[in-house]
1. Go through segment 102-116 residue by residue and turn each phi into a ³J(HN,Hα) via Karplus (6.51, -1.76, 1.60, θ = phi - 60°); whole Hz please, and just put x for glycine and proline.
2. Using θ = phi - 60° and the Karplus form 6.51 cos²θ - 1.76 cosθ + 1.60, what ³J(HN,Hα) does each residue of segment 259-270 get, whole Hz, x for Gly and Pro?
3. Kindly flag which residue pairs out of 59/253; 50/110; 122/225 have an alpha-carbon separation exceeding 26 Å in this structure.
4. Check cross-link reach from residue 104 to the aspartates and glutamates: straight Cα distance under 19 Å, and skip same-chain residues fewer than eight apart.
5. Tell me, what ³J(HN,Hα) does each residue in segment 232-249 have, in order and in whole Hz, if you take phi through Karplus 6.51 cos²θ - 1.76 cosθ + 1.60 with θ = phi - 60° and put x for Gly and Pro?
6. Taking the Cβ-Cβ separation of residue 269 and residue 84 as r and a Förster radius of 45 Å, what is the calculated FRET efficiency to the nearest 0.05?
7. Can you list the residues, at least 5 places off or on another chain, whose amide H is less than 5 Å from the amide H of residue 152, using H built in the peptide plane?
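Throughout, read-outs are computed from the coordinates displayed, never taken from laboratory work. Treat the numbers as computed from the prediction; the structure is a model and nothing was measured. Cβ: placed from backbone, ideal geometry, glycine included. Neighbour counts: every protein chain shown.
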Amino acid sequence: MKKMLVLLAALIAAACAAPTNQPTPTANTNSAATPLAAVMTEADAVAKEKAIWDTIKNKDYDAFANMLAEDQIEVSGEAVWDKTGAVAAIREFEPTEVNFSDWKYLSIDKDAFIVVYTVNVKGKYRGKEFPAESGRASSAWVNRNGRWLAIYHQECPVRPPMPPAKAKPTAAKASPSPAAAPATTTAGSDAAANEQMVWDLFKSKNYDAFAALLASDFTEVEPDKVYDKAGSVQGVSQFDASKAVLSDWKVVKLDDDASLVTYVAKIPLPGAPPMGERHSTIWANRDGRWLAVFHHGGTPVRKAAPMASPEASASASPKASPSPRTSPSPRTSPTVRP
């Protein structure tokens with residue numbers, strides 16, 4: 001009898017427990033979660049970037065468009081193009097020879113990465129041949145519904161390395177006053193606010209606080225070279241940002257843990273482009289802290305040229321109308337890819 005009661009109690013307990021044993025939905029049980037894409041490697045990332053150039057060379061504009069995210073942007077000297085504008089502009093650009101070098105791969109998070117490289121291109125723009133030109137390029141790719149798609153591209157002209165800055169005798173007296181620093185140096189998910197804070201740090205010469213906002217693998221692309229974190233911190237300490245004016249802000253969300261902000265910075269310095277330069281920064285959540293992981297600057301702003309009609313294409317000069325997939329150099333020579 002005792003054994004039967006024990007068995008009965010066990011059966012009742014199992015029956016009562018069965019319905020409540022089902023998993024309770026949590027924030028991680030989300031039917032709208034991003035499907036997994038193939039794990040990205042540096043070799044795969046480079047192959048994808050070369051493949052998008054192949055669609056341009058082959059004039060396969062449908063394939064080119066199919067490799068872009070719907071919210072993709074192209075940061076050029078003329079404008080920040082959306083996907084429609086980028087696809088339209090690429091039709092006027094006919095590369096005949098493309099060579100790559102200096103590849104660098106940077107993982108942003110599991111659903112985003114960026115590739116940086118130097119590209120040398122010769123070909124035609126609006127029907128007119130242009131000589132070989134080189135640019136420093138960067139492209140960000142994101143996982144959208146299990147597919148890797150390009151979401152951002154920017155270039156700047158290649159220029160010789162800057163000469164080392166000469167030490168000033170009064171440099172030791174230039175340490176910033178603590179009162180001049182911004183009230184907070186903690187970044188958040190608002191990429192535009194983060195970037196404004198960075199420029200406030202430049203103006204107050206608080207370079208230690210700036211360094212604290214950079215990821216350890218931070219990469220910066222400028223016309224003279226590609227900088228690591230240490231090089232970037234040293235570089236910003238050598239220019240006066242006190243009169244910088246920022247405008248034309250645009251933010252693109254890469255995923256829940258990363259956003260890109262692009263804007264125009266106009267700094268009244270000798271030799272600086274009169275209309276300013278386009279800058280872009282990617283901010284990412286790294287272990288609970290929002291940090292800058294990437295920056296691309298040095299894209300001179302210029303007036304947008306009207307899209308050429310087929311009749312006008314034959315007479316258009318690439319010197320007067322640089323390629324739309326690039327950032328033109330201050331010498332007005334065309335650069336590389338719209």
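1. Result, ordered by residue: 6, 5, 9, 10, 9, 7, 7, 7, 5, 10, 7, 8, 9, 10, 10 Hz.
2. 9, 10, 10, 10, 6, 10, 10, 10, 10, x, 10, x
3. 59/253
4. 42, 44, 49, 155, 217, 220, 222, 224, 228
5. Each residue of segment 232-249 in turn: 5, 4, 5, x, 5, 6, 9, 9, 9, 9, 4, 10, 5, 10, 10, 7, 6, 6 Hz.
6. The calculated FRET efficiency here is 0.80.
7. Correct list: 73, 140.
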